[in-house]
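The values are calculated or read from the model by the stated rules, or taken from the named source; none is laboratory data. Because the structure is a prediction, the values reported are computed rather than measured. As a convention, Cβ positions derive from the backbone with ideal geometry for all residues, glycine included, and neighbour counts pool all protein chains shown. Surface areas here come from the heavy atoms of the whole protein model, side chains and all, with no ligands, DNA or RNA. Shrake-Rupley method; radii C 1.70, N 1.55, O 1.52, S 1.80 Å.
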Amino acid sequence: RSGERICIVGPSGAGKSTLGMMIVGALEPSAGTIALDGRPVVPGDGTVAMVAQEDYVFADSLRVNVALGDADADVDDERVWSSLDAVGATWARSLDGGLDAALSDGERELSPSEARQLALARVLYAGPRLLVLDEVTAALSAGAARALQLGVAASLPAAAVLQIAHDLTAARDADRVVVMEDGRIVEVGTHADLVGRDGRYAH
């Protein structure tokens, strides 16, 4: 639902990332359909977006790296900065050249956590209705991870967010938790509900 935060959990190999890739249209389901409001998801139409486990930094300016796909004349610099601020990318404000600062390609190399923040700022700028986050907090400290989740929620209040996570801290804050095992959904509920059931999630 609009504004809902769902956390998808389960052991390695349960199918969490595969499900995420199908939801955004990067993989075709072998049966059935993926739909949003009853309409098939169309990759690249801006409705859905995903931050996967591997982050990409392009050999271009900070502005282009955040506002991918927008022509230079159409880039909203204020929105670029607010997207970076929302994910805690404080390093961006200190770059020589500001949004014109060159990244990668022998210029400013980003650390893994900075590259992750850049990838998140990119999807916040795009403003999708459905956002899939695959292990986005793995390279961040607990405090940075919490700040990042709050920043995403504040920047995209109407978007549905599906967060794939091994760390169950994210599940506590979710509206619903989806538990996967062997490619199937085995439990669905709130953190408190699932702990009370004494099932797979509780264990």
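Could you please find all residues in the range 142-189 being part of a loop (DSSP other than H, G, I, E, B) and charged (D, E, K, R)? Steps first, answer last, please.
Our first condition is that a residue be part of a loop (DSSP other than H, G, I, E, B); within the range 142-189, this holds for 156-159, 165-168, 173-175, 182-183.
Within the range 142-189, Asp167, Asp173, Asp175, Asp182 qualify.
Residues being of a type in the set (A, V, I, L, M), within 21 Å of Arg116 (Cα to Cα) and loosely packed, with under 14 Cβ neighbours inside 10 Å: count how many of those fall in the range 151-167.
Counting residues in the range 151-167 that are of a type in the set (A, V, I, L, M), within 21 Å of Arg116 (Cα to Cα) and loosely packed, with under 14 Cβ neighbours inside 10 Å gives 1.
Filtered by the rule that a residue be assigned to a loop (DSSP other than H, G, I, E, B), under 24 Å from the mean Cα position of the chain (by Cα) and of a type in the set (Gly, Ala, Ser), the range 55-109 gives Ala59, Ala67, Gly69, Ala71, Gly88, Ala89, Ser104.
So that you can scan it fast, the table gives a plain yes or no per residue for (1) over 14 Å from the mean Cα position of the chain (by Cα); (2) part of a loop (DSSP other than H, G, I, E, B); (3) among the acidic types (Asp, Glu):
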position: Ile6; (1), (2), (3): no, no, no
position: Pro11; (1), (2), (3): yes, yes, no
position: Met21; (1), (2), (3): no, no, no
position: Ala26; (1), (2), (3): yes, yes, no
position: Pro29; (1), (2), (3): yes, yes, no
position: Thr33; (1), (2), (3): yes, yes, no
position: Val42; (1), (2), (3): yes, yes, no
position: Asp45; (1), (2), (3): yes, yes, yes
position: Ala49; (1), (2), (3): no, no, no
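In the range 69-94, the qualifying residues are those that are of a type in the set (A, V, I, L, M) and at pLDDT below 85, and the one that is most open to solvent (accessible area, probe 1.4 Å) is Ala73.
Residues are listed down the side, and each one gets a yes or a no for (1) surrounded by 13 or more Cβ atoms within 10 Å (Cβ to Cβ); (2) among the acidic types (Asp, Glu); (3) in contact with a Leu (Cβ under 9 Å, 6 or more places away or on another chain); (4) in contact (Cβ under 8 Å) with a residue 12 or more places away in the chain:
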position	(1), (2), (3), (4)
Ile6	yes, no, yes, yes
Gly15	yes, no, no, yes
Val42	no, no, no, yes
Val48	yes, no, yes, yes
Asp60	yes, yes, yes, yes
Val66	yes, no, yes, yes
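When you check Val136 against the structure, is it touching a strand residue (DSSP E or B) at 6+ places or on another chain (Cβ under 9 Å), surrounded by 14 or more Cβ atoms within 10 Å (Cβ to Cβ), at pLDDT below 85 and β-branched (Val, Ile, Thr), yes or no? Before you say what the answer is, go through the steps one by one.
On the way: touching a strand residue (DSSP E or B) at 6+ places or on another chain (Cβ under 9 Å): yes; surrounded by 14 or more Cβ atoms within 10 Å (Cβ to Cβ): yes; at pLDDT below 85: yes; β-branched (Val, Ile, Thr): yes.
Yes; evaluated as a whole, the condition is true for this residue.
A Cβ distance below 6 Å, combined with a sequence gap of six or more or placement on separate chains, defines the contacts here; from the range 182-203, residues that are under 15 Å from Cys7 (Cβ atoms) reach residues that are of a type in the set (Ser, Thr, Tyr) in the pairs Glu187/Tyr201; Leu194/Tyr201.
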